[in-house]
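Q: Below is the structure I would like to discuss, written out as C-alpha cells.
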Amino acid sequence: MEESRLDPEIPPPRTSRIEASPKHYSVTEIFFDIEATGLSRSSHITQLAAKSAAESFSRFVLPQHQITLKAAEITGLTFENGQFLSNGNVLPAVHIKKCLNDFISFLEKTKNNVLIGHNVQTYDCVLLYTSLQKCNLLDKFKSTVIGFIDTLPLFKLSHPGLNSYSQTNLFETFMSKSYDAHRADEDVDALCTLVNKNIELNVHFEKVYIPECVISDKFISMKELHKNLPSLKLLIDRKILSLGMARIIASSGLCLEHLKLAFSRNGGKGIKDLFTEKSGSGVPVTKSEKIIRQVSDFLKE
C-alpha cells in the first residue's frame, strides 16, 4: 500500500474522438482575432474581437503581463500607470474573465458556431484555450463551438503560389488597399471581407474544417509536452532519445517516472507495452524495437 501511494500513476492513452464534418449550410460562421502582449504562445490576451453575420464583438483586456516592445510597436497598445492605451489614447478595458464570459455570451446567441481566423491553429487558439482554462471557462466555451477554420491553409489551398500568405499581404493583393492591421476588430473585418469576396468556402469547407475536439486534443498535448519534457532531458543528453521522440513521449502524457514504473513492473516488456499501447489515434509513442531497447537499457542501468 505504501509503495502504490508513492508511485506515480501511469496515464492511460488518450482516445481521439472522430467527428464527421458538418454541412457548410448548417453552420454559423464567426470570424475572430486576438491581439496579445507578445508573439509567443505564453503571451496574454489584450484584445478579443469577433463578428457574425448579425453582430460584432470586441473587448480590450487589462494585460496581466507587460506588453513587449515588439508587440507595442506592432499594435500601438501600451499599459501605463494602470491605464490601457492605444497610441496614447485611453481604452475601455476589462479583466480577462469578464472578456471571456462576454465572448461566451456572444457565442450563445447562435448555434453550430464555427470560428474562423488566420493562423489560429498555432497562435490564437493556444492563447484562447490557455486563458479559458485559467479562468475555469474552457468547458463552457467548448459547448458553444463545434469547430474552427484556419484561413492560412485555406488561402494556400484556394490561391496557391503567392509570395506571402500574411493577412495584410493577402488584403493588399486581393483588395488593392491596406487597412489598420493588428487591431483585432479591424483584422476581423478585413478577414471577413477577404474570405467573402475571394473564397468559395462551401467548396473547400470539408477540407479545412477542424472539429473542436481536434483543437482540444492539440491543446492537451501541448500542456503535457511542457509538463513532461524536462524530465526526459537526461535521455536526450545521452542520445537515448532524439528531441523529436522525447516530444512525442512527453506529449502522450508520459514522464520519466512513468517509464521507471513500467520498467520496474515488467522490465523491457513493460516499456514495450507502454510505448505500443493503442489509443484512438493508433500507436501513442512508437513501435521501434531500437528505441524500446535503448530506453530499457538506460533504465536497467
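The values are calculated or read from the model by the stated rules, or taken from the named source; none is laboratory data. Note that this is a predicted model, so its numbers are computed, not measured. Virtual Cβ from ideal backbone geometry, glycine too; neighbours counted across all protein chains shown. These accessible areas exclude ligands, DNA and RNA; they are computed on the full protein's heavy atoms, side chains included. Shrake-Rupley method; radii C 1.70, N 1.55, O 1.52, S 1.80 Å.
Q: Name the residue, out of 4, 56, 26, 43, that is at pLDDT 75 or above, open to solvent by 60 Å² or more (accessible area, probe 1.4 Å) and not aliphatic (A, V, I, L, M).
A: Exactly one of 4, 56, 26, 43 is at pLDDT 75 or above, open to solvent by 60 Å² or more (accessible area, probe 1.4 Å) and not aliphatic (A, V, I, L, M), namely 56.
Q: Run residue 173 past the list (1) part of a helix (DSSP H, G or I); (2) in contact with a helix residue (DSSP H, G or I) (Cβ under 8 Å, 6 or more places away or on another chain) and report the number of the one that doesn't hold.
A: The one condition residue 173 does not meet is (2).
Q: Next up: When the residues of the stretch 227-245 are filtered to those that are open to solvent by less than 70 Å² (accessible area, probe 1.4 Å) and either in a helix (DSSP H, G or I) or of a type in the set (Phe, Trp, Tyr) (or both), which remaining residue is farthest from residue 123 (Cα to Cα)?
A: 235
Q: On to the next question. Give the residue, chosen from 206, 212, 224, that is buried (at least 17 other Cβ atoms within 10 Å of the Cβ), among the acidic types (Asp, Glu) and under 27 Å from residue 112 (Cβ atoms).
A: So the residue among 206, 212, 224 that is buried (at least 17 other Cβ atoms within 10 Å of the Cβ), among the acidic types (Asp, Glu) and under 27 Å from residue 112 (Cβ atoms) is 212.
Q: Right, another one. Select, from 235, 274, 259, the only residue that is in contact (Cβ under 8 Å) with a residue 24 or more places away in the chain, aliphatic (A, V, I, L, M) and in contact with a Phe, Trp or Tyr (Cβ under 8 Å, 6 or more places away or on another chain).
A: Just a single option satisfies the conditions, and that option is 235.
Q: When you scan the stretch 254-263, do you find a residue that is crowded, with 20+ Cβ neighbours inside 10 Å, touching a helix residue (DSSP H, G or I) at 6+ places or on another chain (Cβ under 7 Å) and of a type in the set (Phe, Trp, Tyr), even just one?
A: So far as the stretch 254-263 goes, no, none of its residues is crowded, with 20+ Cβ neighbours inside 10 Å, touching a helix residue (DSSP H, G or I) at 6+ places or on another chain (Cβ under 7 Å) and of a type in the set (Phe, Trp, Tyr).
Q: Another question, then. Going by the conditions given, is residue 186 in contact with a strand residue (DSSP E or B) (Cβ under 9 Å, 6 or more places away or on another chain), open to solvent by 60 Å² or more (accessible area, probe 1.4 Å) and charged (D, E, K, R)?
A: When the stated conditions are applied, residue 186 passes them.
Q: Consider the stretch 102-146. How many of its residues are in a loop (DSSP other than H, G, I, E, B) and not β-branched (Val, Ile, Thr)?
A: 10
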